[in-house]
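Undergrad: Have a look at this one.
The values are calculated or read from the model by the stated rules, or taken from the named source; none is laboratory data. Note that the structure is predicted; figures quoted are calculated from it, not measured. Glycine also receives a Cβ, built like all others from the backbone with ideal geometry; neighbour counts cover every protein chain displayed. Remember, those area values only see protein heavy atoms, side chains included, never the ligands or the DNA or RNA. Shrake-Rupley method; radii C 1.70, N 1.55, O 1.52, S 1.80 Å.
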Amino acid sequence: MREDYYWYWVNNIVGISNAKLKKLFAVFDTPEEIYKASDRLLESVKDIRQTDIATIKESRKDDYIYRQYSDIERQGIRFTYPGHINYPDKLLNIYDYPYILYYKGKLPDTDKPSVAIVGARNCTEYGRMVAQHFGESFAGMGLQVISGMALGIDAAAQKGAIKNGGYSLAVLGCGVDICYPRTNIELYTHLNDCGGIISEYPPGTAPRAGLFPMRNRIISAMADALVVVEARQKSGSLITADQALEQNRDVYVVPGRIGDALSEGCLKLIKEGAQVITSPMDIMATKSIELYYNRRQITDDKRNNLNTNSIFDDGFKKSGLASPKNMVYSQINLFPVSLETIINNSGVSLVEAEGILLELELDGLIEEVSKNYYIRKHI
């Protein structure tokens with residue numbers, strides 16, 4: 001049998017977890033050795049019980065695993081494992097690296113740095129736009145964007161990277177043949193075509209709450225740096241940040257407003273020493289990314305475009321809006337602003353303000369999120 005099959009077999013024995021595989025590989029060098037091992041040798045492995053040995057022996061006779069192995073290639077799914085030429089080297093540096101990775105699309109380029117962007121599923125419009133802006137900018141800098149394809153921040157960051165022609169990788173908490181959440185099917189399709197989708201869970205594995213914290217260690221390990229955009233005090237994003245710190249990755253946080261529930265996790269990380277990021281170029285504090293960026297010899301013009309003190313670009317000024325319209329629009333940002341505040345700060349009349357706001361809505365530049373409260377729709 002091929003080496004590929006032995007790796008597939010050992011990772012698909014029901015009841016043999018990653019922790020037990022670690023015990024087995026402390027004694028055996030290859031999956032083939034485990035496959036051919038006698039009962040006596042298996043009994044010598046610490047924490048491997050008689051029930052485990054019986055399961056291993058039964059799996060050798062059962063052709064179910066072999067049929068699965070034969071089917072995945074027909075589904076357009078590939079897999080890799082430690083020692084294989086395309087297994088991500090970064091994962092080998094963590095304690096509990098996966099012994100198999102299933103993937104669709106392509107794996108990240110090992111010669112290019114990667115940035116993970118994570119955050120709240122139920123994010124604000126502000127958070128979504130920041131994540132997309134960062135994803136687009138990182139792609140423009142030649143950086144690969146990694147996330148979990150969840151609703152909210154994850155999806156926004158990955159859409160931004162794809163929009164700018166960059167590479168993005170989704171690490172799933174289910175099988176790579178399952179699009180979860182289903183509403184991200186367009187993103188899933190794009191990643192399959194021009195990015196990558198990976199999971200340590202076999203094809204067909206349904207998403208379950210307990211699987212997501214485990215996959216987070218892969219998100220952080222695959223990246224050179226992690227960016228958190230909006231996170232509650234108890235969230236998967238903070239779990240990912242903790243794992244990134246344990247893996248000696250740089251952690252960056254987009255600061256939020258005091259008292260905002262979606263800022264609690266971010267502010268907590270900042271208090272604990274995470275770096276604040278307010279511009280895509282702040283990611284250059286990560287040594288490996290700085291070295292790569294300098295090697296690419298990006299022109300000064302492009303460098304200046306990215307090196308801004310704000311996340312907001314100057315696109316509005318390029319739109320040629322008339323002065324009163326410009327004054328009204330300048331009062332609106334990504335947090336809700338009241339009609340009263342807009343009138344007081346812009347100096348226009350109520351009637352004029354209402355007309356301009358309607359025009360801005362029709363232009364797709366702003367949105368009325370509640371009665372007489374407005375936000376920008378573009379950074």
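Undergrad: Among what's in the range 140-149 and is out of contact with any Ser or Thr (no Cβ under 6 Å at 6 or more places or on another chain) and within 16 Å of M222 (Cβ to Cβ), pick the residue that is surrounded by the fewest Cβ atoms within 10 Å (Cβ to Cβ).
TA: Ranking the candidates gives M149 first.
Undergrad: Name the single residue, out of those in the range 29-74 being of a type in the set (S, T, N, Q), open to solvent by less than 90 Å² (accessible area, probe 1.4 Å) and over 14 Å from V10 (Cβ atoms), that is farthest from the chain's Cα centre (by Cα).
TA: This residue is S38.
Undergrad: Only one residue in G273, G265, G256 is surrounded by fewer than 13 Cβ atoms within 10 Å (Cβ to Cβ), of a type in the set (G, A, S) and either at pLDDT 90 or above or over 19 Å from the mean Cα position of the chain (by Cα) (or both). Which one?
TA: G273
Undergrad: Out of the range 150-188, which residues are among the β-branched types (V, I, T), open to solvent by 10 Å² or more (accessible area, probe 1.4 Å) and over 20 Å from G76 (Cβ atoms)? Reasoning before the result, please.
TA: To start, the set of residues in the range 150-188 that are among the β-branched types (V, I, T) comprises 153, 162, 171, 176, 178, 183, 185.
So of that shortlist, the ones also open to solvent by 10 Å² or more (accessible area, probe 1.4 Å) come out as 162, 178, 183, 185.
The one that is among the β-branched types (V, I, T), open to solvent by 10 Å² or more (accessible area, probe 1.4 Å) and over 20 Å from G76 (Cβ atoms): T183.
Undergrad: Here's something else I'd like to know. Restricted to the range 85-135, and to residues that are within 16 Å of the chain's Cα centre (by Cα) and of a type in the set (F, W, Y), which residue is most open to solvent (accessible area, probe 1.4 Å)?
TA: Here the answer is Y103.
Undergrad: Now for a different question. Might you check whether a residue that is over 30 Å from D111 (Cβ atoms), in contact with a Leu (Cβ under 9 Å, 6 or more places away or on another chain) and of a type outside the set (S, T, Y) occurs anywhere in the range 56-75?
TA: So far as the range 56-75 goes, yes, one or more of its residues are over 30 Å from D111 (Cβ atoms), in contact with a Leu (Cβ under 9 Å, 6 or more places away or on another chain) and of a type outside the set (S, T, Y).
Undergrad: Of D177, D193, D111, which residue is acidic (D, E) and closer than 21 Å to A225 by Cβ?
TA: Sole residue among the options that is acidic (D, E) and closer than 21 Å to A225 by Cβ: D111.
Undergrad: Do we have Q247 as in contact (Cβ under 8 Å) with a residue 60 or more places away in the chain and either out of contact with any strand residue (DSSP E or B) (no Cβ under 7 Å at 6 or more places or on another chain) or more than 30 Å from R78 (Cα to Cα) (or both) here?
TA: In short, yes.
Undergrad: Right, another one. How many residues are touching a helix residue (DSSP H, G or I) at 6+ places or on another chain (Cβ under 6 Å) and open to solvent by less than 40 Å² (accessible area, probe 1.4 Å) when one looks only at the range 189-202?
TA: Counting residues in the range 189-202 that are touching a helix residue (DSSP H, G or I) at 6+ places or on another chain (Cβ under 6 Å) and open to solvent by less than 40 Å² (accessible area, probe 1.4 Å) gives 1.
Undergrad: Restricting to the range 7-28, give me the number of residues that are open to solvent by less than 40 Å² (accessible area, probe 1.4 Å) and touching a helix residue (DSSP H, G or I) at 6+ places or on another chain (Cβ under 6 Å).
TA: Within the range 7-28, residues that are open to solvent by less than 40 Å² (accessible area, probe 1.4 Å) and touching a helix residue (DSSP H, G or I) at 6+ places or on another chain (Cβ under 6 Å) number 8.
Undergrad: Return the pairs, sorted by first residue and then second, in which the second residue is modelled with pLDDT under 75 and open to solvent by less than 50 Å² (accessible area, probe 1.4 Å), the first residue lies in the range 318-344 and is under 18 Å from G364 (Cβ atoms) and outside any loop (DSSP other than H, G, I, E, B), the beta carbons are less than 9 Å apart, and the residues are 6+ apart or on different chains.
TA: Correct list of pairs: N326/F316; Y329/F316; Y329/L321.
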